[in-house]
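See structure below.
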Amino acid sequence: QVLFVESGGGLVQPGGSLRLSCAASGFTFNQYYIDWYRQAPGKEREWVAGITSRGIHTNYADSVKGRFTISRDNAKNTVFLQMNSLKPEDTAVYYCKASGLGSWGQGTQVTVSS
């Protein structure tokens, strides 16, 4: 069974940082491109960042470029999202996913507020 389990969210002040983790299982992790997505209240889920199977190449949405960094540890089947200079508009539930595999996990809530 393919599973994605996100963690690391929380409440942070504007300008703060958080590091999200995504633990994956049930497939050959090191062969898949992995994405982070987020969904804010009342909005559709949007793509945030992606990383190639060996972690050589990364891609970011314009809204997070320069502030967020995606990385992965294939030995631990885990993908990370380092989020710096957080803004209130980053408030959302964050999810990870490999395209075409499994279902969405429960996500991890990130709230940026003073």
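Phe68 meets all of the listed conditions (1) without any contact (Cβ under 8 Å) to a residue 40 or more places away in the chain; (2) farther than 15 Å from Asp90 by Cβ but one, namely (2).
Please go through the stretch 1-22 and give me each residue that is assigned to a strand (DSSP E or B), open to solvent by 50 Å² or more (accessible area, probe 1.4 Å) and at pLDDT 95 or above, ordered by number.
The answer is Val5, Ser7, Leu11, Arg19.
Looking across the stretch 91-105, the residues that are under 19 Å from Arg19 (Cβ atoms) and within 12 Å of the chain's Cα centre (by Cα) come down to Ala92, Val93, Tyr94, Tyr95, Cys96, Lys97, Gly105.
The values are calculated or read from the model by the stated rules, or taken from the named source; none is laboratory data. These figures come from a predicted structure and were not determined experimentally. Cβ atoms come from the backbone with ideal geometry, glycine included; neighbour counts cover every protein chain shown. The accessibility values were calculated without ligands, DNA or RNA, using every heavy atom of the protein model including side chains. Shrake-Rupley method; radii C 1.70, N 1.55, O 1.52, S 1.80 Å.
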